[in-house]
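Inspection log for the structure reproduced underneath, given as structure tokens.
Quick note: the coordinates plus some simple rules give every number you see, no bench work behind them. Just so we're clear, the structure is a prediction, and the values are computed from it rather than from any experiment.
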Amino acid sequence: VFSLAYVIYILEREQWVLYSQFGSRIIRGTDWVLLSKDQQQTYTQTVLADYFNCIWLISVTATTVGYGDLTPRLVESRIICILAAILGIVTTSLLVSVLTNRLAPTSFQQFVIDYLNRSS
């Protein structure tokens, strides 16, 4: 959670964007570049420039609550939120599976339950 929140914090605060180069490379490469000052003015600072707001966003997204009070504005940040939601769904399903297996009666306990049900 904290690492995903930190990535969003860096993306939103430092104004990094994904930049594609078509130069002399045979295969199209992508690099992260910092926007110039005049380009930064087109992107206003958001509440996601605060690290704790990024933690809140990732936590709400990963638990699939989704209050909608914070939204990322950069495409890269949105992709990270999608990954956080997918990881949250997988983690929640694994947690439910483990708890279900732990709470299910063992074969001996099931035998006793069946025996008591037949006796009554």
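Things to note:
- Gain on full extension, evaluated as 0.36 nm per residue between Ile86 and Ile10 minus their Cα-Cα distance, stands at 25.2 nm.
- Maximal additional length on extending the Phe111-Tyr67 stretch stands at 11.2 nm, based on 0.36 nm per residue less the C-alpha distance.
- Computed lengthening from Ala104 to Phe52, 0.36 nm per intervening residue step minus Cα-Cα distance: 14.8 nm
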